Amino acid sequence: MFDDRITSALELADAMCGDTESLAPELIEELRFHFSEVEMAELILVCGQANLNNRAGNAAKQLLGD
């Protein structure tokens, strides 16, 4: 459904939802193949912000209700 470039970006987003201390070397290689350093930095920031929004929203919903 998605090309390899988009798939690798989605895999990064998924990986950033868990332990980011050690990303899979295969994922790093794939991202470096498809994206420039600037593009990777943008992906990291967008994925990180989306993850923060989801986590903050989940906590707020539990603490403050709907």
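The values are calculated or read from the model by the stated rules, or taken from the named source; none is laboratory data. Since this is a predicted model, take the numbers as computed values, not measurements. Note: ideal-geometry Cβ built from the backbone for every residue, glycine included; neighbour counts use all protein chains shown.
Of everything in segment 1-39 that is out of contact with any helix residue (DSSP H, G or I) (no Cβ under 8 Å at 6 or more places or on another chain), at pLDDT 95 or above and hydroxyl-bearing (Ser, Thr, Tyr), the residue that is farthest from Asn54 (Cα to Cα) is Ser36.
With the requirement that a residue be over 13 Å from Ala13 (Cβ atoms) and either touching a His at 6+ places or on another chain (Cβ under 8 Å) or not β-branched (Val, Ile, Thr) (or both), what does segment 36-46 give you? Those that are over 13 Å from Ala13 (Cβ atoms) and either touching a His at 6+ places or on another chain (Cβ under 8 Å) or not β-branched (Val, Ile, Thr) (or both): Ser36, Glu37, Glu39, Ala41.
Let's see how each residue does on (1) closer than 21 Å to Phe2 by Cβ; (2) surrounded by 12 or more Cβ atoms within 10 Å (Cβ to Cβ); (3) out of contact with any Asp or Glu (no Cβ under 8 Å at 6 or more places or on another chain):
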| site | (1), (2), (3) |
| --- | --- |
| Asp19 | no, no, yes |
| Ala24 | yes, no, yes |
| Leu27 | yes, yes, no |
| Phe33 | yes, no, yes |
| Glu37 | no, no, yes |
| Asn51 | yes, yes, yes |
| Arg55 | no, no, yes |
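Evaluation of Asp4 against the conditions (1) touching a residue at least 12 places away in the same chain (Cβ under 8 Å); (2) surrounded by 12 or more Cβ atoms within 10 Å (Cβ to Cβ) shows that the sole unmet condition is (2).
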